[in-house]
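Provided herewith is a single structure, encoded as structure tokens, for subsequent inquiry.
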Amino acid sequence: MSIHSFTLVVAVFWSGLVTAKAEAIPPSVPVFIKRYCIDCHNADSEKGDRNFESLITSRTSKGHHETLKEVLDQLNLGEMPPRKNSIAQPSNNERREIVAILSDYLKTMEAGKVPYATIMRRLTRYEYNYTMRDLLGVDTKAADATRFFPADLKSHGFSNYGPAQALSDVQLQHYIKAARTYLDRALVFGQQKPDVQKWIFKPKDLPHEKKNVGTVRYRVISADGKHLDIGHGKPSESGPTYPKEFAARGVPKDGLYRISVKATAVGRNHPYAPELIPADLTQPLQMGLWHVPGLSYLAKRTSEGRVLVEVFDLADNKPQTYEATVWMPAGSSPFVHWINGIGATKGPLQKIIQRYYPEAKRKTPYEVDRLKEAGLPVPKDALVQKVWISDLYKGPRIRIFEMSIEGPFHDQWPPLSHQGIAGTETNASNLNVEQVLLKFASKAFRNPVKLEEITQYIDYFKDQTAKGVAADEALKQALTAMLTSPRFLFLDEGGEDGGKQLDEFQLATRLSYTLWCSTPDERLLNLASKGTLSQSKILNSEIERLLKDDRSKAFIKRFSDAWLRLDKIGSMPPGTKQFPAYFSDRLESAMKNETYYFVSHLLQENHPISKFVDAPYSFLNGALARHYGVNGVAGENFTKVQFPPKARRGGLLGHASVLTATANGVETSPVTRGVWVLESLLGTPPSPPPPDVPPIEPDTRGAVTIREQLTKHRHVAACADCHDKIDPWGFALEFFDPIGGLREHYPANKERGTGKGRRIDGSGKLPSGEHVRNEVELRELLVSRRVQLTRNLTCKLFLHATGREPDYRDYKVINQIVEKSISEGNGFRDLIHMVITSELFSRR
Amino acid sequence: MLFQPTGQGELSSLKKANQQQISILDLVESDARLLKKRVGIEDREKIDQYFTSIRSLEKRLTQSAAWLDRPKPKVSYSLPNEPNEMDFVDRVPLYYDLATLALQTDSTRVISLEFSDLGPNSGGFPVTRGYHQLTHHGKVDSYIKELSIIERFHTKQFGLFLDKLTAIKEPNGKNLLDNTMALLGSGMGNASSHSNKNLPLLLAGGGFKHGNHMRFEPGKTPASNLFLSMLQRFGLDTDTFNRSSGTLTGLETV
């Protein structure tokens, strides 16, 4: 909730394009509706807010088009009529027949009306960044030039869905600026290869103190100056440790730098009572390494723009050199931090002083004043610190011996990013600019461009240089313009006619944006120019090549984010008191990574689709394993963990990412989770709630459970229709708290998430009549619905790949793919092949 | 920077960048025309959106070129040291100070101010829970009590802001609030149930007749009607906004 004032709200709407012709509805349709639907969907009961009476009396489809489409969808899915004893069911033949008639009718109605084609898509923010990385050969992680782009609008999680996308003048201006930023990064006109330098920092060059009395931060240098102990720390820290003088200027040039830190962990086995040290010492002590593009990013309360390079698990009492090589823009500087530390040192240290080292306690001026006021004797040296906690402390710390930066490394000069555009020439005046622009345009616009198509850019360059603008500047301007052109920003799949075959270059583009979320590489464009990419043997081998390439990580991440709605994570963070580990253990990124590793594994090993919901393993790091109560995993790296049979985890339903994305950070809602199962797994999203029905208002006074609230809700018939279909799926997941931790009881103290409240009841009756009691039974049930799972995944893959929502005109092909997939082992990798080689993929 | 003069060097590079952006827009326009010829009917809407964006950006760049030459207003106001280090409760009044100055000096005609998170130290409020957590109060008294502390604060600060505007005389003899529409509100009518209906909205100034609580039949009057009334009052020639069904019935000018 937020307070706005003077708000100007800008909203963009997509109006439907359907204007169906009014033609007679085939007579069998009203007959069918009268027989099987009207008892519930009439003017009196309007179940699900649907009334079909006028459909029966109407002669034309005028005004009924959308309703008929819904009817068809429901029949196709077998959801309607509901399978209850009292409700008459059409025979399979009747069902098939009416589906065929309705499909044909709607198809005729819509011929030429609704675009049966992808609406032209603009690159999403993430596609833009991946494209820049691959097209220009630049790093886009540090000082991300798209940081201030307006957020992409999404349709059910997918931001590459053309109809939902918008463009504004603000976005256009950001495109100009971002292109220029990345071009400046790529091109090195007039520059010499910079010399490799090495900067070595000793403990005295880092922020430090010689003694510590138990303050918020603890950075103590040893007497001989050989090491620095860092005793405070948490993931988001305002006291980073960095080379102080160096950071004022940072590295002199853009480039690759090797950052080395000689360090060790000390004091993981400490002599104090364990509860005094608020850190998980079953895990190795971890040192985070970041870099920031400028000193201002090291100020308190800044975190945006810091790049986390790596988290190192430190060996205990064994100094080692930890290093990472990373691209940094000029002015950058690295810093390290104890990332899984004890937070501020003051609290724990004061307790330790009190209990173990009373001699290190000194009176505060305040206490001295109190003594004086009371007329008590004040020792002469009351304010003198005689013993320092830093000389006695044996608690956990990370110990730094040395830090160094070396670089910038360039294995070639000019760098590949420059060569990709201008070859080895670093004097822009010597370039054949026509050729440079022509070559660049063909790559950027993803198809061969003729000279006459880019004359305006060439003329601009000539005009500018004639006016005295330097050649490199004029060239960068022309290139910036190309990267702002709609031919670059939009995926041009051309042509007036829907359903038209894509040409080879369009196919190459669609393929690479599907599996890399980025621009096609040279090999794909070569195959396209030979005209052989569409040959099924070559297409299949290219799919394999793209999937094996590192760039396909983008597919795993972006597709999972959209399909499983992981993009919602982080928008409603949990309470810090209720779920401290969420922050201290950086669970947010860990849980997303679990899902990415899992999806990637199923893809690599071509596992059957049912494994998505029921796999006896997952991928965990130390923090996540602790969150799940799994033993034997420590440290930052993810490893495959095998679960025992019938374990509570296993499959997406046990992933903390999914369970967090479907809660609001504070409490769970079976409705939200139920909708997620229906939408993301089964592909049968419930209809939105009818207007004027108030949402559930949680009343947590006393111990009223969400189940009781929902039961009340379901007493209202209008609600019951849908909620009977939604809630049972979600109830079975109630054993997982808002961040996916297991629980048997609701917490008694909601605020702190502690204590045993009411016992959780996960039981429910699905509309199909089946009962489930918990997530294990739910999993089994979902496995038995593999046709539906496969169908949904196929549709989601199509949506991701084509930016178009598949509709009934695609169902024939989709059903064929589902059947084929199931008869051939139902492998995920195979399914991706089937989707990409299908006629739907290669059609506009 | 609202009130700090721009240096000569920076000014000329800003102007240059402005000019460059305008010429880039000229360049890409012909590509847009080329594309428009090739693509399908529905895609042309996308290209038209692109053209519209070019036009508005050109207009904005031309406007800001004029702004660049306008001297920055001189104000006798200085921010305290390290305002970002201050607690939320101490920072909020500063935003309103800046908003007042910006309106007073005609540095802008539109300001939007959004507050959400409280930041560290509970924002300086005597509360023990996070703002988001409190909004899910579940009717628990202790939650509602803490939530009220925060929301009373916001309402009070808004009131103080209105006082400031009232105290400033404008050349037309009216005060600054008479010439400014100030709207306070929230995107949630009831955050506990996550309902965006029945939004709390408080409008002041702008030469409207005020002083009463306007109630509307549930579900009949979209909030957009108010926004449409405001846009028209602002001088925009438009008769729809979002889901508006007209201007707000009963909202009249003085």
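Just one of A:Leu507, A:Leu547, A:Leu524 is assigned to a helix (DSSP H, G or I) and either closer than 17 Å to A:Arg121 by Cα or within 14 Å of another protein chain (Cβ to nearest Cβ) (or both); which is it?
Just a single option satisfies the conditions, and that option is A:Leu507.
Anything in the range A:202-225 that is under 19 Å from A:Lys386 (Cα atoms), out of contact with any Pro (no Cβ under 6 Å at 6 or more places or on another chain) and not in a loop (DSSP other than H, G, I, E, B)? List them, or say none.
The answer is A:Glu209, A:Val220.
Which ranges mark the strands (runs of 3 or more DSSP E) fully within the range A:292-346 that have 2 or more residues being surrounded by 23 or more Cβ atoms within 10 Å (Cβ to Cβ)?
The qualifying strands (runs of 3 or more DSSP E) are A:333-338.
Can you tell me which residue within the range A:767-794, out of those that are free of Cβ contacts under 8 Å to residues at least 40 places away in the same chain and of a type outside the set (S, T, N, Q), is farthest from A:Lys812 (Cα to Cα)?
Among residues in the range A:767-794 that are free of Cβ contacts under 8 Å to residues at least 40 places away in the same chain and of a type outside the set (S, T, N, Q), the one farthest from A:Lys812 (Cα to Cα) is A:His771.
Please work out which residue is farthest from the chain's Cα centre (by Cα), limiting yourself to the range A:580-613 and to residues that are surrounded by fewer than 20 Cβ atoms within 10 Å (Cβ to Cβ) and modelled with pLDDT under 95.
Out of the qualifying residues, it is A:Pro580.
A follow-up question, please. For the range B:200-244, which positions are loosely packed, with under 15 Cβ neighbours inside 10 Å and either touching a Gly at 6+ places or on another chain (Cβ under 7 Å) or of a type in the set (Ser, Thr, Tyr) (or both)?
B:Pro200, B:Met214, B:Thr238, B:Thr240 - these are the residues of the range B:200-244 that are loosely packed, with under 15 Cβ neighbours inside 10 Å and either touching a Gly at 6+ places or on another chain (Cβ under 7 Å) or of a type in the set (Ser, Thr, Tyr) (or both).
Another one. Is there any pair linking a residue in the range A:257-275 that is free of Cβ contacts under 8 Å to residues at least 12 places away in the same chain to one that is surrounded by 16 or more Cβ atoms within 10 Å (Cβ to Cβ), with Cβ under 6 Å and at least six apart or on different chains, and which?
Taking only residues 6 or more apart or on different chains, not a single pair turns up.
Taking the residues in the range B:102-136 that are within 7 Å of chain A (Cβ to nearest Cβ) and surrounded by fewer than 15 Cβ atoms within 10 Å (Cβ to Cβ) as candidates, determine which candidate is farthest from A:Glu667 (Cα to Cα).
B:Val110
Any chance you could count how many residues in the range A:136-167 are within 13 Å of chain B (Cβ to nearest Cβ), part of a helix (DSSP H, G or I) and within 27 Å of A:Leu183 (Cα to Cα)?
The total comes to 0.
Give the range B:166-201 a look and list any residue that's in contact (Cβ under 8 Å) with a residue 40 or more places away in the chain and assigned to a strand (DSSP E or B), or say none.
Within the range B:166-201, B:Met181, B:Leu183 qualify.
Now for a different question. Taking the range A:550-576 as the region of interest, how many residues are more than 14 Å from the chain's Cα centre (by Cα), part of a helix (DSSP H, G or I) and not charged (D, E, K, R)?
Going through the range A:550-576 one residue at a time, the tally reaches 1.
Do we find that A:Ala43 is surrounded by fewer than 16 Cβ atoms within 10 Å (Cβ to Cβ), at pLDDT 75 or above and either assigned to a loop (DSSP other than H, G, I, E, B) or within 14 Å of another protein chain (Cβ to nearest Cβ) (or both) in this structure?
yes
Report the residue count in the range A:479-504 for those that are facing another protein chain (nearest Cβ under 9 Å), modelled with pLDDT of 95 or more and in a loop (DSSP other than H, G, I, E, B).
Going through the range A:479-504 one residue at a time, the tally reaches 2.
Now a separate question. Give the residue, chosen from B:Leu68, B:Leu57, that is away from chain A (no Cβ under 14 Å), in contact (Cβ under 8 Å) with a residue 24 or more places away in the chain and in a helix (DSSP H, G or I).
None of the other options fit; the residue is B:Leu68.
Within the range A:510-521, track down each residue that is assigned to a loop (DSSP other than H, G, I, E, B) and of a type in the set (A, V, I, L, M, F, W, C).
Result: A:Trp516, A:Cys517.
Kindly indicate the residue of the range B:1-40 that is among the basic types (Lys, Arg) and within 13 Å of chain A (Cβ to nearest Cβ) and also surrounded by the most Cβ atoms within 10 Å (Cβ to Cβ) among those meeting that condition.
Filtering first and then ranking leaves B:Lys36.
Which one of these is under 30 Å from A:Glu839 (Cα atoms), within 14 Å of chain B (Cβ to nearest Cβ), surrounded by 18 or more Cβ atoms within 10 Å (Cβ to Cβ) and out of contact with any Leu (no Cβ under 6 Å at 6 or more places or on another chain): A:Ile176, A:Ile119?
Matching residue, one of A:Ile176, A:Ile119: A:Ile119.
Hey, A:Val170 hits all of (1) out of contact with any Pro (no Cβ under 8 Å at 6 or more places or on another chain); (2) in a helix (DSSP H, G or I) but one; which does it fall short on?
With respect to (1) out of contact with any Pro (no Cβ under 8 Å at 6 or more places or on another chain); (2) in a helix (DSSP H, G or I), A:Val170 is out only on (1).
Within the group A:Glu367, A:Glu323, which residue is more than 13 Å from A:Gly231 (Cβ to Cβ), assigned by TED's automatic domain parsing to the domain that holds A:His270, out of contact with any Leu (no Cβ under 8 Å at 6 or more places or on another chain) and at pLDDT 95 or above?
Just a single option satisfies the conditions, and that option is A:Glu323.
Another question about this same structure. Taking the residues in the range A:557-577 that are within 12 Å of another protein chain (Cβ to nearest Cβ) and of a type in the set (S, T, N, Q) as candidates, determine which candidate is surrounded by the fewest Cβ atoms within 10 Å (Cβ to Cβ).
A:Ser571
Taking the residues in the range A:250-287 that are assigned to a strand (DSSP E or B) and of a type in the set (S, T, N, Q) as candidates, determine which candidate is nearest to the chain's Cα centre (by Cα).
Across the range A:250-287, the extreme among qualifying residues is A:Gln286.
So in the range A:371-396, with the set limited to residues that are outside any loop (DSSP other than H, G, I, E, B) and in contact (Cβ under 8 Å) with a residue 40 or more places away in the chain, which one is surrounded by the fewest Cβ atoms within 10 Å (Cβ to Cβ)?
Looking at the filtered set, the residue picked out is A:Asp391.
The values are calculated or read from the model by the stated rules, or taken from the named source; none is laboratory data. Predicted, not measured: the structure shown is a model, and the values here were computed from it. Every residue, glycine as well, gets a Cβ built from its backbone with ideal geometry; the counts of neighbours run over all protein chains shown.
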